[in-house]
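Could you have a look at this structure, given as structure tokens, before my questions?
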Amino acid sequence: MAMQAIIHCGPISRASIAKQTGLSKQTVSELVRIFEDEGWVCETGRTSGHVGRSATTYELVPESAYMAAVDLGGTKLRVAIVDLAGSVVAEVVAPTHPEGGEAVARQIGEMVDEAVAGRALDRGRVMQTVVGCPGVPDQATGAVRYAPNIAGIDRIDFRAAVAQATGTPVILENDVNLAVLGEQWLGAGRGIDHLAFIALGTGIGAGLIVNGALLRGASGGAGELGYLPFGADPFEAESLRVGAFERATATHGIRSAYKAGTGRTLDVPSIFAAAAGGEAAAKAVLDGVARQLARAVATLGAVIAPQTVILGGSIGARPEMIAATRAELERCFPFPIHVVPSLLGDHAALSGAVAIGLTELHTALFAQSAPGATVSLPLPKPRLVKPGPVPRAAE
């Protein structure tokens, strides 16, 4: 397709587009004229270094359309505005509105407006929004289930509320699913077709890619590792609410285990610091977490056999946790699995949102005449100026 050739290879001449797509030069000329008239592409120069006459080259106009990528957490909300070439042109961060539900949907719309206004962008060109959220989005109802840290989004059509607030179509996706897509596109899993991303922090969850495709499962809950039936007793009532594995390995479990062993209350960073300082009790707690995490990786290895498992989150991405998990995995699983840290950090989910949103937007804009066709994404081109996040207070 002509536009895909321009997106991936621009600046590119009409003759090169014809050669790549198999379309006639006349057809390519007509398509390029239409794209240029509608503002999607522009002339960027002429070819050089070739025998014969030079030719006009064309490339995508990045500012011809934008999308909003949203990373929604229980305590923090991040919104990025991304141009058609995949570059972040504006970003704002704020505490998540404590009322949840409709208030959070309105907050997303307000933050999109703020990000656009802060960079003097054309608000009317924001044409798509992707929201990464904890829990399991129900694609039939637009609600988000199993996200107790954000009140009310399980009781409303949250997708419709965000669509109304932003004035755009909205895609809802689990945040760890987006993280694994982001790492596959730009990070530690680039080009890998059998991949898992485990985020361990306040909670735990996994995004899974099998045979190059995101695995959601029948209920949309594939990767909810917190409910693995080990770590704590899976038959206790609390394990039905939080998950047996999460109770043992995430923040609350680490703090509880340390208090049970020492009688003292510390936060997780302080427990890591105590272990680094040689405290035996802290080291024992963290060794136990690494052992449980290795069991989870081994479980994934036995079921979906990922080539690589990426560890992220405030606990999972720590170098000492990765090293300990690797060592424990070798003791409990006979087949090789590469365990590596996230390269994208807290931007992994946002990058995945960009990957999904731009694919959807490019396809909607440029492949409407070919049902079932999609426009694949290139790697985003770096910008000379990369705007950073602008922190702001909650209303």
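Throughout, read-outs are computed from the coordinates displayed, never taken from laboratory work. As the structure is a computational prediction, the values presented were derived from the model and not from experiment. For neighbour counting, all protein chains shown are included, and Cβ atoms are generated from backbone atoms with ideal geometry for every residue, glycine included.
Treating only the Cβ atoms of Lys and Arg (+1) and Asp and Glu (-1) as charged, compute the dipole magnitude of the stretch 188-342 about its Cα centre; round to the nearest 20 debye. Please report the intermediate quantities before stating the final value.
On the way: 13 positive and 12 negative charges, 28 e Å.
It works out to roughly 140 debye.
Here is a follow-up. Ranked by Cβ crowding within 10 angstrom, fewest neighbours first, how are TYR258, TYR227 ordered? It would help to have the intermediate numbers written out before the result.
Working: TYR258 25, TYR227 17.
Fewest-to-most ranking of TYR258, TYR227: TYR227, TYR258.
Which ordering of SER351, SER16, SER54 is given by a fewest-first count of other beta-carbon atoms within 10 Å? Provide the component values of the computation, followed by the final result.
On the way: SER351 27, SER16 19, SER54 12.
So the ranking, lowest neighbour count to highest, is SER54, SER16, SER351.
Please report CYS133, CYS332 as a ranked list, fewest other C-beta atoms within 10 angstrom at the top and most at the bottom. Mind dumping the intermediate values first?
Working: CYS133 24, CYS332 12.
Fewest-to-most Cβ neighbours within 10 Å comes out as CYS332, CYS133.
Using 0.36 nm times the number of residues separating GLU38 and HIS194, minus their current alpha carbon distance, what extension gain do you get?
That pair, GLU38 and HIS194, stretches by 52.2 nm at full extension.
Tell me, in nm to one decimal, what length is gained between ASN211 and ARG155 on full extension, where the rule is 0.36 nm per residue of separation less the Cα-Cα distance? Don't skip to the answer; put the middle values down first.
Numbers: separation 56, 0.36 × 56 = 20.16 nm, distance 3.44 nm.
Working it through step by step, the gained length comes to 16.7 nm.
Follow-up question, since we're still on this one. Work through the residues other than GLY243 whose Cβ is under 15 Å from its Cβ and net out their charges, Lys, Arg +1 and Asp, Glu -1.
With Lys, Arg at +1 and Asp, Glu at -1, the neighbours total -1.
So between ALA103 and THR141, what do we pick up on full extension, going 0.36 nm a residue minus the alpha carbon distance?
Numbers: separation 38, 0.36 × 38 = 13.68 nm, distance 1.85 nm.
Extra length available between ALA103 and THR141 comes to 11.8 nm.
Using the beta-carbon distance between GLU320 and ALA237 and R0 = 35 Å, what value does 1/(1 + (r/R0)^6) give for FRET efficiency, to the nearest 0.05?
Numbers: r = 33 Å, r/R0 = 0.96.
It comes to 0.55.
Let me ask another. Can you give me the span-like helices of the chain, meaning DSSP H runs with 15 Å or more of Cα extent along the axis and Kyte-Doolittle mean at or above -0.5? Please report the intermediate quantities before stating the final value.
On the way: long enough: 25-37 (18 Å, -0.34); 101-118 (26 Å, 0.17); 175-186 (16 Å, 0.53); 251-262 (17 Å, -0.65); 280-303 (34 Å, 0.96); 319-332 (20 Å, -0.26); 348-366 (27 Å, 1.37).
Span-like helices in the chain: 25-37, 101-118, 175-186, 280-303, 319-332, 348-366.
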